[in-house]
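Worksheet for the structure shown next.
What follows is calculated from the coordinates using simple rules that are stated; it is not laboratory data. In this text, all values refer to a predicted model and were calculated from it rather than measured experimentally. Cβ placement follows ideal geometry from the backbone for every residue including glycine, while neighbour counts extend to all protein chains displayed.
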């Protein structure tokens with residue numbers, strides 16, 4: 001029954017977007033064909049997997065936070081923090097040459113994770129101590145991180161040999177994730193897969209995972225059980241933000257190869273939708289991220305082949321979230337037909 | 001430049017920026033007072049801005065354009081109302097979905113406008129006789145476009161509705177204790193639907209003011225987080241329309257510091273720092289006003305909680 005409701009939810013989202021297509025004078029069948037073209041074509045599918053890596057990392061972290069009922073929307077800002085930290089490390093090592101090439105990436109992964117964690121602990125701490133609304137604080141911090149990142153790339157970190165273009169110097173080879181041979185997919189996908197296993201183990205097998213769920217279910221029950229709310233949400237957000245920071249690193253070191261202004265096209269927000277749609281399940285999130293990666297590629301196909309704005313993928317994502325949310329109602333309450 | 005001119009310029013910008021925030025904050029206060037948390041403000045504002053831009057471009061009539069914005073905000077907030085009131089879903093998630101939907105729809109529909117760089121003439125200011133001759137306050141508060149004046153009037157109207165009418169009393173009691181209100185014969189669901197759609201319409205209108213007043217052309221992300229700041233301003237103003245007036249202009253002032261310091265050639269701190277100020281300040285304000293002492297007495301007790309009628 002619940003599977004049927006999920007299917008019906010997805011189907012409704014298709015119908016509603018179909019109506020939007022019809023109203024904008026677009027053949028809905030052709031539009032959907034383009035939107036899902038990634039799944040019929042190897043090159044596009046590889047591109048979809050590339051897009052899925054940052055989404056996956058963000059969504060996995062958010063799933064952990066949402067399990068603790070901490071509604072973070074800070075993934076986007078944490079991606080920028082991760083981007084700032086990895087660029088700093090690249091510039092720092094280029095100047096000081098302290099780290100040999102082989103050691104750079106393992107070191108960078110740890111440092112990016114740690115600094116992004118600190119950024120993520122701030123809203124968790126504020127919520128624990130002052131009861132600030134975490135949706136608002138994490139969102140405000142997104143704007144701040146993006147402004148700082150853009151300031152750095154246009155100002156002090158601008159490539160002196162870049163002919164005035166607003167980007168940092170290119171990352172050296174040792175600061176790039178190698179590609180899986182024959183594809184455009186970089187090795188940071190294994191960070192994502194590893195993260196999904198770790199999050200699963202944390203939630204299903206550890207005492208901390210149990211505490212996360214207790215805190216998520218009831219604040220007062222957690223308090224009664226002697227679980228420290230501050231400790232749980234801070235730790236949850238440290239992991240969540242650390243993973244989102246790695247998403248930023250994966251974008252720069254894996255795909256773009258340098259810091260650019262506005263380098264994330266909203267992966268932090270797509271991650272929110274993926275986390276909820278995948279029911280906060282770490283393994284389903286891996287698959288769901290690839291699906292959404294494909295959707296983003298499809299959106300670009302739509303834009304280039306049919307002149308539609310990529311905004312339509314946001315519309316489709318939001319509709320999916322709304323219909324799924326509505327479907328929950330029918331799962332919770334059994335409808336009884338009476339004569 | 002002499003200090004008086006600088007101050008006057010600052011105040012003019014403050015009122016422009018603040019009035020946008022004010023209308024959205026008032027809308028969200030009205031919604032939240034009924035117990036419904038609508039985090040879709042940013043999306044409603046953006047979709048309202050786009051709708052009014054399109055209608056103004058086609059008709060040249062700002063009243064029609066503002067009504068279109070109100071309708072756009074109302075339509076989207078009705079989705080939120082249905083999902084969170086009738087289907088009793090998580091209001092935070094639904095609100096986020098509405099934001100993404102509103103921003104996505106605006107970007108989708110607005111793309112041809114953004115590409116063709118269509119321009120509109122900003123609304124003309126209307127001088128209020130006598131009052132506009134006051135120093136500093138005159139040119140800033142009383143020489144603005146009609147939608148800014150609407151924002152002042154809405155403060156009074158919403159305050160009056162909430163505190164001086166029977167409907168307002170019902171609305172507030174639905175937000176405090178819905179089952180009690182229900183037992184007194186108040187229609188909880190209808191009241192919440194009305195509060196959510198009126199609030200949504202106002203958020204749409206704030207988008208109309210944003211674009212008709214100050215931005216001659218459409219681009220993606222035009223709202224730049226103002227909707228979220230409005231949600232924070234609701235807490236800042238303790239869910240009271242009168243306090244929202246001061247809160248919105250305070251934030252308006254902070255939002256104009258960047259432009260002000262640029263115009264007087266202040267170069268000591270990078271101007272990007274001033275761009276982060278409204279967001280930083282929002283966090284600071286949240287910290288101060290969220291602590292139990294300030295908030296618990298004022299926040300509608302049933303905010304964000306779906307109401308299920310006991311059988």
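Shielding of B:104-116 by partners, i.e. mean partner chain Cβ atoms within 10 Å per residue?
Working: counts 12, 7, 4, 7, 11, 7, 2, 7, 3, 0, 1, 2, 0.
If you average over the peptide's residues, the count of other-chain Cβ atoms is 5.
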Open item on the list: Across the stretch B:233-287, what fraction of all alpha-carbon pairs, as a whole percent, falls in each successive 5 Å bin from zero upward?
Closed with: 4, 19, 25, 19, 14, 10, 6, 2
TODO: Compute the long axis of helix B:166-176 from its Cα atoms, compare it with the longest principal axis of the Cα atoms of chain B, and write down the angle in degrees, 0 to 90, nearest 10.
DONE: 80
Task: GNM top mover of B:138, B:43, B:199 - chain B, alpha-carbon springs below 10 Å - done: B:138
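Compute the orientation-averaged projected area for the stretch B:1-132 from the convex hull of its Cα atoms and round it to one decimal in nm².
Taking a quarter of the hull surface, the average projection is 11.1 nm².
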Open item on the list: Please state the shape class of the stretch A:23-158: rounded when a/c is under 1.5, otherwise prolate if a/b exceeds b/c and oblate if not, all from the C-alpha gyration tensor.
Closed with: oblate
- [ ] Quick one: P(r) of the protein assembly as shown from all Cα-Cα pairs, 10 Å bins, percents rounded to integers, in order of increasing distance.
- [x] 3, 15, 26, 28, 19, 8, 2, 0, 0
Task: Listed residues A:89, A:126, A:99, most fluctuating in chain A (Gaussian network, C-alpha, under 10 Å) - done: A:99
Open item on the list: Inside 10 Å of the C-beta atoms of B:149-161, what's the mean count of C-beta atoms belonging to other chains?
Closed with: 0
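I need the Kirkwood Rh of the stretch A:184-281: take the reciprocal of the average 1/r across all distinct C-alpha pairs and report it in angstrom.
After inverting the pairwise mean of 1/r, the radius is 15.4 Å.
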Open item on the list: Please rank B:80, A:167, fewest neighbouring Cβ atoms within 10 Å first, as an exposure proxy.
Closed with: A:167, B:80
Task: Euclidean distance between Cα centres, the stretch A:5-55 to the stretch A:114-171, Å - done: 31
TODO: For each of B:99, B:165, B:260, count neighbouring Cβ atoms within 10 Å of the residue's Cβ, then give the residues from fewest to most.
DONE: B:165, B:260, B:99
- [ ] Pairs of Cα atoms under 8 Å, at least six residues apart: use those to get the relative contact order of chain A, whole percent.
- [x] 37
TODO: Enter the mean projected area of the convex hull around the alpha-carbon atoms of the stretch B:81-122, in nm², rounded to one decimal.
DONE: 4.2
Task: Within the protein assembly as shown, helix-based [θ] at 222 nm, where runs of 4 or more DSSP H residues each add -39,500 (n - 2.57), nearest 500 - done: -24000 deg cm²/dmol
TODO: If a/c stays under 1.5 just call it rounded; otherwise compare a/b with b/c (prolate if a/b is bigger, oblate if not). Do that for the stretch B:4-53, with a ≥ b ≥ c from the square roots of the Cα gyration tensor eigenvalues.
DONE: oblate
- [ ] Give me A:165, B:236 ranked fewest to most by other Cβ atoms within 10 Å of their Cβ, as a rough exposure proxy.
- [x] A:165, B:236
Open item on the list: Once R0 is set to 51 Å, what does the formula 1/(1 + (r/R0)^6) return for the Cβ-Cβ distance between residue A:4 and residue B:119, expressed as a FRET efficiency to the nearest 0.05?
Closed with: 0.50
Open item on the list: From the C-alpha coordinates alone, can you work out the Kirkwood hydrodynamic radius of chain B, in Å?
Closed with: 19.8
Task: For the stretch A:66-273, diffusion coefficient by Stokes-Einstein and Kirkwood Rh (Cα), 20 °C, 1.002 mPa s, µm²/s - done: 120
Task: C-alpha long axis of helix B:3-33 to longest principal axis of chain B, angle in ° - done: 20
- [ ] Taking chain B as the reference, fit the longest principal axis to its C-alpha atoms, fit the long axis of helix B:226-236 to the helix C-alpha atoms, and give the angle between the two in degrees, 0 to 90, nearest 10.
- [x] 60
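Under 25 °C and 0.890 mPa s, how fast does the stretch A:89-181 diffuse according to Stokes-Einstein, given a Kirkwood radius computed over C-alpha pairs? Answer in µm²/s, whole number.
Values: Rh = 15.9 Å.
Taking Rh from Cα pairs, D becomes 155 µm²/s.
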- [ ] Given the peptides B:25-33, A:184-192, B:168-176, A:7-15, arrange them by the average over their residues of other C-beta atoms within 10 Å, most packed first.
- [x] B:25-33, B:168-176, A:184-192, A:7-15
- [ ] Throw me the Rg/Rh for the stretch B:211-311, computed over C-alpha atoms with Kirkwood Rh, two decimals.
- [x] 1.09
Task: Inter-probe distance in nm under a simple model that places probes 7 Å from Cα toward Cβ, at residue B:61 and residue A:125 - done: 5.7
Task: Relative contact order computed over chain B (Cα-Cα under 8 Å; 6+ residues apart), in percent - done: 37
TODO: Distance between Cα centroids, the stretch B:63-80 to the stretch B:207-276: provide it in whole Å.
DONE: 22
